[in-house]
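Visitor: Got a structure here, written out as structure tokens. Questions coming.
The values are calculated or read from the model by the stated rules, or taken from the named source; none is laboratory data. Small disclaimer: the values here were computed from a predicted structure and weren't measured. Quick reminder, even Gly has a Cβ in these numbers, built from the backbone with ideal geometry, and neighbours come from all protein chains shown. Only protein heavy atoms, including side chains, enter the accessible area calculation; ligands, DNA and RNA are left aside. Shrake-Rupley method; radii C 1.70, N 1.55, O 1.52, S 1.80 Å.
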Amino acid sequence: MIFIGELAASIAASWLISEILIRLITRGAKRAGASADLIRSVREGLSILWGVFVAVWLVSVTGIGSMFSFLTLSGIVGLAISLALQNTLTNIISGILILSDGVLRLHDSVEYGGVRGRAVKIGLRATWVKTDSGDIAIISNNYLANGPLVNFTARERLERKLRL
């Protein structure tokens, strides 16, 4: 009975810590100008990650599976997933860096690769730019992070950031 109580207390404590981290990350994303869809996706992803960690911990603590076999299996699965989702993960990481650096915000006037317009949606994988003719150009965040992105409306914001 004591063991079950300790398990429940550990799960509750880890949930509390994860909720605090999720709220801090959400607050930072809101400050960076992230869309509500992006913030919801990040929250859901972090909640799933917490659930996986709790499941792994429970399997390990209860003795259902050994830690070595579980680490081996999770390493193989992680490698397979990362190879399968390599481009997607690159775009997601680039999107997070674009938002956290403040390089691009909604409604900024931008130009990339001959496409000039306003950023109307900044997602985890791609950014949508509405051109002057009304067309929507969907540009992968990886290209924006690596390529020559020109932001015409963020001059003052970026100059203040560079002075620090």
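Visitor: All but one of (1) at pLDDT 80 or above; (2) over 12 Å from the mean Cα position of the chain (by Cα); (3) part of a helix (DSSP H, G or I) hold for LEU71, so report the exception by its number.
Guide: Against the list (1) at pLDDT 80 or above; (2) over 12 Å from the mean Cα position of the chain (by Cα); (3) part of a helix (DSSP H, G or I), LEU71 comes up short only on (1).
Visitor: Among the residues of region 77-96, write down those that are free of Cβ contacts under 8 Å to residues at least 40 places away in the same chain and of a type in the set (Ser, Thr, Tyr). So that I can check it myself, show each step before the final result.
Guide: At the first step, the residues of region 77-96 found to be free of Cβ contacts under 8 Å to residues at least 40 places away in the same chain are 77-86, 88-89, 93, 96.
Within region 77-96, SER82, THR88 qualify.
Visitor: Could you list all residues from region 1-37 that are at pLDDT 75 or above, among the aliphatic types (A, V, I, L, M) and more than 30 Å from LYS121 (Cβ to Cβ)?
Guide: Residues satisfying the conditions are ALA8, ALA9, ILE11, ALA12, ALA13, LEU16, ILE17.
Visitor: How many of the residues in region 79-120 are farther than 13 Å from ALA145 by Cβ, of a type in the set (S, T, N, Q) and in contact with a Gly (Cβ under 9 Å, 6 or more places away or on another chain)?
Guide: Residues meeting the conditions: 1.
Visitor: For region 74-164, give me every one of the strands (runs of 3 or more DSSP E) that falls completely inside it and has 3 or more residues that are farther than 30 Å from ALA55 by Cα, open to solvent by 70 Å² or more (accessible area, probe 1.4 Å) and of a type in the set (D, E, K, R). Reasoning before the result, please.
Guide: On the way: elements: 109-112, 115-122, 126-131, 136-140.
Here the list reads 115-122.
Visitor: Of the residues that make up region 38-48, is at least one part of a loop (DSSP other than H, G, I, E, B), farther than 18 Å from SER140 by Cα, open to solvent by less than 40 Å² (accessible area, probe 1.4 Å) and modelled with pLDDT under 80?
Guide: no
Visitor: Take ILE64 and tell me if it is open to solvent by 50 Å² or more (accessible area, probe 1.4 Å) and part of a loop (DSSP other than H, G, I, E, B). Full working, then the answer.
Guide: On the way: open to solvent by 50 Å² or more (accessible area, probe 1.4 Å): yes; part of a loop (DSSP other than H, G, I, E, B): yes.
In short, yes.
Visitor: So, one more: Among the residues of region 1-18, write down those that are open to solvent by 100 Å² or more (accessible area, probe 1.4 Å) and not hydrophobic (A, V, I, L, M, F, W, C).
Guide: If the condition is that a residue be open to solvent by 100 Å² or more (accessible area, probe 1.4 Å) and not hydrophobic (A, V, I, L, M, F, W, C), then GLU6 is the only one that fits.
Visitor: While we're on this one: With respect to VAL120, determine if the residue is within 26 Å of ILE25 (Cβ to Cβ) and in contact with a Phe, Trp or Tyr (Cβ under 6 Å, 6 or more places away or on another chain). If you could, list the steps in order and put the result at the bottom.
Guide: Details: within 26 Å of ILE25 (Cβ to Cβ): yes; in contact with a Phe, Trp or Tyr (Cβ under 6 Å, 6 or more places away or on another chain): yes.
The answer is yes for VAL120.
Visitor: Another question, then. Restricting the first residue to region 130-143 and requiring it to be within 29 Å of GLN86 (Cα to Cα), which pairs with a second residue that is among the aromatic types (Phe, Trp, Tyr) and open to solvent by 80 Å² or more (accessible area, probe 1.4 Å) meet a Cβ separation below 6 Å and a spacing of at least six or different chains?
Guide: Partner pairs satisfying both residue conditions: ILE136/TRP128; ILE138/TRP128.
Visitor: If you go through region 19-33 one residue at a time, do you hit one that is open to solvent by less than 60 Å² (accessible area, probe 1.4 Å), assigned to a helix (DSSP H, G or I), aliphatic (A, V, I, L, M) and farther than 29 Å from ASP135 by Cβ? Reasoning before the result, please.
Guide: Step one: list which residues in region 19-33 are open to solvent by less than 60 Å² (accessible area, probe 1.4 Å), which gives 19, 22, 26, 28-29, 32-33.
Narrowing further to those that are assigned to a helix (DSSP H, G or I): 19, 22, 26, 28-29.
If we keep only those that are aliphatic (A, V, I, L, M) as well, we get 22, 29.
Remaining after also requiring farther than 29 Å from ASP135 by Cβ: 22.
Yes; the residues of region 19-33 include at least one that is open to solvent by less than 60 Å² (accessible area, probe 1.4 Å), assigned to a helix (DSSP H, G or I), aliphatic (A, V, I, L, M) and farther than 29 Å from ASP135 by Cβ.
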